[in-house]
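Report on the following structure.
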Amino acid sequence: MASIGKIARRSFLIGSAAIVGGVAFGAWYVSRPAPNPLTPGAGGGALNPFVMIDVNGITLIAPRAEMGQGVQTTWAALIAEELDVEMDQVRVLHGPAAQAYYNQALLGEALPGKGYDKTSFGHALAETLGRVGKVMNMQVTGGSTSMADGYTRMRAAGASARETLKQAAADLLGVARADLRTEKAMVIAADGREIAYADLAEAAAGLDPVDAPLRDRAQWRILGKPVDRVDMVPKVTGTARFGIDVRLEGMLFAALRMNPHLGGAMRDFDDSAARAMPGVDRVVNLGDGIAVVASNTWLAMQAAEAVEIDWEMGPNPPDTGAVFDRIAAAFDDDANSTMRDDGDAGTLPEGATEITAEYRVPYLAHATMEPMNATALYSGIKLEIWSGNQAPLFTRKSCAKAVGLEPEAVEVHTTFMGGGFGRRGELDFSVYAARVAAEMPGTPVQLTWSREEDMTHDFYRPGALARFRGAVQDGKAVLLDGKIAAQSPTQQAMGRWLGLPAAGPDKGTVDGAFNQPYAIPNFRVRGYLADLAIPVGFWRSVGASMNGFFLDSFLDEMAHAAGRDPLAFRLELARAEYAPAAAVLEAVRDISGWTGETPEGTGRGVGFCYSFGTPTATVIEVQDRDGQIAMTRAWIAADVGVALDPRNLEAQLSGGMVYGLSAACFGEITFAEGAVVQQNFPDYDALRIHNTPATEVRILQNQDHISGAGEPGTPPAMPALANALFDLTGRRARSLPLMRDFDLLV
Amino acid sequence: MPTPLTVNGTRYEIDLPEDVPLLWVLRDEIGLTGTKYGCGVAACGACTVQIDGEAVRSCQVALADVRGEVTTIEGLGTPDAMAAIQRAWAAHQVAQCGYCQSGQIMQAAALLAENPAPSDEDIDLAMQGNLCRCGTYPRIRAAIHSASQMMKEA
């Protein structure tokens with residue numbers, strides 16, 4: 001494999017931002033270990049950044065955002081497995097913002113390349129590049145990377161801590177480390193003497209860490225089986241503390257208003273009425289908006305509404321039609337990327353039947369259940385911030401800058417998140433709270449966005465257009481040529497996170513299209529970037545959330561044009577390209593009892609997408625109920641390589657599907673006067689209990705690398721439903737949301 | 001003049017304007033944060049509490065209009081002494097992000113009090129006002145059936 005030095009001196013395209021290794025940071029800096037940020041109590045020790053044992057017991061650090069995906073439980077289970085402690089013997093904390101908690105898998109995911117065809121060299125390169133994430137302060141939860149990131153490193157952290165504790169015991173007892181064993185947080189000697197980890201931690205923390213080989217899967221006690229989530233009892237008793245639940249002595253509550261005309265400035269405001277309202281402490285001029293601080297969030301929201309504000313219009317086209325005209329205009333420019341160009345997609349094979357189609361998907365809001373919020377306390381020399389966020393180091397840096405402090409003077413407390421879906425990787429809500437707190441030193445303040453502010457000031461999943469041309473011959477796909485145009489969330493986010501200029505081929509625009517494991521001899525995918533300043537961001541499954549619908553819907557059209565069963569058509573293409581992809585299609589065929597035939601009044605559709613390293617296939621069944629269409633059943637098969645917690649994987653895949661189906665059915669952000677029209681759940685609804693299908697999930701483990709499950713359930717759900725509607729009605733859905741063209745059960 | 005309010009068996013005197021919704025009295029005044037703000041317009045159910053056993057959206061009930069005793073998720077059970085419905089929720093590992101679950105549980109508890117053995121249709125009718133963006137609905141349904149069983153056997 002390439003040496004770290006060589007790699008660090010080269011330029012890399014991270015998404016679409018160029019990172020020049022040799023300029024930004026030296027190779028020595030990349031390989032230097034990050035300091036351990038933990039500070040154990042007296043008599044205790046931090047054996048590494050992930051294991052701390054002191055008077056509070058055994059604490060495992062799971063420094064990833066818990067936004068519902070169960071990451072803290074499985075992350076802790078990886079450590080506990082090798083550490084030889086039981087899950088009920090540990091407490092699990094998120095821990096501080098720290099370089100030691102960088103995500104080693106995230107940058108690898110951003111490398112160009114299809115993914116499923118990655119060689120050993122490619123995996124090694126991704127891992128090596130991943131270490132650059134440390135110096136880039138990439139403590140980020142996203143890209144379905146947590147398990148790929150933690151799978152080896154966290155077991156190694158547990159194994160090393162265990163062996164180091166054994167060494168401390170060996171020194172104490174005057175026996176060889178190899179003669180000791182461990183169980184339930186105890187070191188046990190051959191003669192039966194037992195020493196608790198707690199009594200060894202201080203001595204062990206002073207030793208050089210001992211490396212140890214990882215145990216074979218066959219020996220696992222905790223991993224591979226369902227583990228009760230560490231956050232479950234708090235979450236069913238109302239005692240889990242989300243960001244919005246932070247309560248500090250003397251705390252005040254704030255509400256915010258920002259310019260609805262996205263990107264526009266604030267000219268002037270009149271707060272005389274607001275300042276006279278009950279409970280109001282002050283009105284803060286934020287330059288680009290106002291905050292009202294009061295004794296109660298609701299009183300603050302009422303007063304914020306009473307401020308009369310003169311807003312400037314923003315730089316974006318006024319309405320949805322004009323926005324999409326701008327997206328369509330991107331097709332007239334040169335392609336930003338051609339990430340797949342197999343065969344000759346420019347030439348129609350002789351005798352083949354050509355089909356073409358244009359698709360469209362809208363902008364989407366994240367609509368987390370917990371609206372954006374953060375709590376901050378500024379002392380003049382220090383800032384503390386409590387924030388449910390997916391990027392603690394970026395949060396620290398940007399809050400520091402906003403209040404004129406060094407990052408080291410800012411302490412970030414990462415709380416539970418009431419949904420994230422990518423939204424909480426942004427920094428705005430934390431920065432606004434810090435700016436309000438800076439106006440009132442010594443008084444903690446919690447800033448909560450109303451649902452309306454949340455929905456109208458999101459970083460949206462971009463709207464997108466796709467133009468596809470395909471050809472079939474003798475029942476087979478012989479050509480697929482796709483063009484996709486959209487804004488790039490990656491380019492915007494890199495600017496917000498790193499302040500880096502963004503350029504180059506943008507993988508996100510074509511992710512979920514160019515990297516599909518289908519052996520089509522002439523297969524090309526090109527991306528086009530729309531020139532718009534609408535705030536866009538990472539939305540659960542990112543590019544695959546639109547391209548899964550585009551490419552897979554079009555494959556369905558091609559299958560019908562070829563006179564083939566849609567599932568068999570995909571299966572044949574996948575078999576010739578990537579066996580694990582074919583296996584999930586076979587699995588979903590088997591569990592759904594797919595025959596290709598459906599009774600009158602019933603429709604079925606299949607969808608497939610390879611995203612975030614996980615091939616996932618979904619079948620949706622719909623039924624006509626007196627003219628209204630209900631989703632009755634769903635089946636999902638996915639291959640994650642190694643299934644660490646099958647029950648949680650099932651929850652993630654089915655939850656990801658519901659998120660995708662909600663968007664496919666009802667999700668749409670539109671614009672008028674450069675402002676978002678939708679305000680709240682009544683005009684941005686989602687699936688509810690009565691219209692969510694009964695779901696069966698099968699997890700496969702054929703792939704030779706572990707992959708994630710937080711996002712891959714989302715992309716195939718949308719085409720599966722659209723294809724089912726075609727099967728039921730004969731009408732092809734080429735535009736989302738489906739409620740516009742179909743009478744869906746609401 | 002302070003407004004009297006009884007929550008989870010404790011009587012409070014609330015010194016807030018009478019039009020402040022119960023939700024914000026609970027969260028910001030009393031400090032019972034288990035009840036959540038989601039939409040403020042009774043469209044998501046995250047703020048559901050019970051008043052004299054009836055499930056209500058606390059974002060829509062003004063302080064002055066609370067007639068009866070309020071029960072919140074904290075009053076239903078505690079981590080050390082969970083109610084049957086909370087035990088069912090834990091057994092099915094229902095929660096993902098968990099933000100909506102206080103409201104889901106308070107709504108389901110009211111359903112079970114009125115209808116100890118609800119059918120799937122009964123559950124659909126009673127629970128469709130409670131939004132869950134994580135999509136935990138199948139496990140919510142299973143947990144309600146389990147809780148129904150547990151309460152019958154108790």
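Values in this text are rule-based calculations from the coordinates and carry no lab data. From a predicted model like this one, the values you see are computed outputs, not experimental measurements. When we count neighbours, we look across all protein chains shown, and the Cβ atoms used for this are built from the backbone with ideal geometry, even at glycine.
Structure data summary
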read-out: Amide H contacts of A:Thr670 (H built 1.01 Å from N, under 5 Å, at least 5 apart or other chain); value: A:Val677, A:Gln678
read-out: Under 5 Å, built H, 5+ apart or other chain: amide partners of A:Thr443; value: A:Tyr378
read-out: Positive-end residue, the range A:397-542 charge dipole about Cα centroid, Cβ charges, pick of A:Gln516, A:Leu447, A:Val403; value: A:Gln516
read-out: Derived scalar couplings ³J(HN,Hα) [the range B:94-107; Karplus, 6.51 cos²θ - 1.76 cosθ + 1.60; whole Hz; x for Gly, Pro]; value: 5, 5, 10, 5, x, 5, 7, 5, 4, x, 4, 5, 5, 5
read-out: Inter-chain Cβ neighbour average for residues B:31-38, partner chain, 10 Å; value: 6
read-out: Net dipole in debye of the range B:67-138 [+1 Lys, Arg Cβ; -1 Asp, Glu Cβ; about Cα centre; nearest 20]; value: 240 debye
read-out: Kirkwood hydrodynamic radius (C-alpha pairs) into Stokes-Einstein, the protein assembly as shown, 10 °C and 1.306 mPa s, D in µm²/s; value: 56 µm²/s
read-out: Between 0 and 90°, nearest 10: helix B:137-153 axis offset from chain B longest Cα axis; value: 90 degrees
read-out: Per-residue HN-Hα couplings for the range A:699-711 [Karplus 6.51, -1.76, 1.60; θ = phi - 60°; Hz; x = Gly/Pro]; value: 9, 10, 9, 8, 5, 8, 9, 6, 9, x, 9, x, 10
read-out: Residue among B:Ile105, B:Ala91, B:Ala143 farthest towards the positive dipole end of the range B:77-153, charges placed on Cβ; value: B:Ala91
read-out: Average Cα contact separation per residue, chain A, under 8 Å, 6 or more apart, as relative contact order %; value: 14 percent
read-out: The range A:639-739: translational diffusion in µm²/s, Stokes-Einstein, Kirkwood Rh over Cα pairs, 10 °C, 1.306 mPa s; value: 103 µm²/s
read-out: Partner chain coverage, peptide A:410-421 - average Cβ within 10 angstrom; value: 2
read-out: Span from the the range A:318-366 Cα centroid across to the the range A:221-269 one, whole angstrom; value: 38 Å
read-out: Rounded to 5, the percent of DSSP beta bridges in the protein assembly as shown classed as antiparallel; value: 75 percent
read-out: Nitroxide proxy distance, nm - points 7 Å out along Cα→Cβ at A:Glu127 and A:Ala34; value: 1.8 nm
read-out: The range B:3-75: relative contact order as a whole-number percent, Cα under 8 Å and 6+ apart; value: 38 percent
read-out: B:Val56, A:Val525, A:Val642 arranged by Cβ crowding within 10 Å, fewest neighbours leading; value: A:Val642, B:Val56, A:Val525
read-out: Net length gained if the chain between A:Glu673 and A:Trp220 were fully extended (0.36 nm per residue, minus Cα distance); value: 157.2 nm
read-out: Under-5 Å amide H pairs with A:Arg340, H placed in peptide plane, nonlocal only; value: A:Val525
read-out: Stretch gain in nm, segment B:Gln149-B:Glu54, where the contour uses 0.36 nm per residue and the Cα spacing is subtracted; value: 32.1 nm
read-out: Alpha-carbon centroids, the range A:555-618 and the range A:469-507: separation in whole Å; value: 23 Å
read-out: Qualifying GluC sites (Glu not before Pro) in the range A:580-609, DSSP loop, other Cβ atoms within 10 Å at most 16; value: A:Glu597, A:Glu600
read-out: Using a Förster distance of 41 Å, the FRET efficiency for A:Arg740-B:Ser119 (Cβ separation, nearest 0.05); value: 0.80
read-out: Span-rule helices in chain A, defined as complete DSSP H runs reaching 27 Å or more along the axis (Cα) with Kyte mean at least 0.0; value: A:646-666
read-out: Inverse of mean 1/r across different Cα pairs in the range B:3-75, Kirkwood, Å; value: 11.8 Å
read-out: Kirkwood Rh, Cα atoms: Rg over Rh of the range A:167-291; value: 1.32
read-out: Spacing of the two label points (7 Å from each Cα toward its C-beta) at A:Leu173 and B:Glu18, in nm; value: 7.4 nm
read-out: Rounded FRET efficiency, nearest 0.05, which uses the C-beta distance separating A:Asp191 from B:Val41 and R0 of 60 Å; value: 0.30
read-out: Average partner coverage of A:364-372, which counts Cβ from other chains inside 10 Å; value: 5
read-out: For the range B:1-90, share of DSSP beta bridges that run antiparallel, in % to the nearest 5; value: 95 percent
read-out: Centroid-to-centroid separation of the range A:278-302 and the range A:649-664 [C-alpha atoms, Å]; value: 37 Å
read-out: Computed helical MRE - 222 nm, chain A, DSSP H runs ≥ 4 contributing -39500 (n - 2.57), nearest 500; value: -9000 deg cm²/dmol
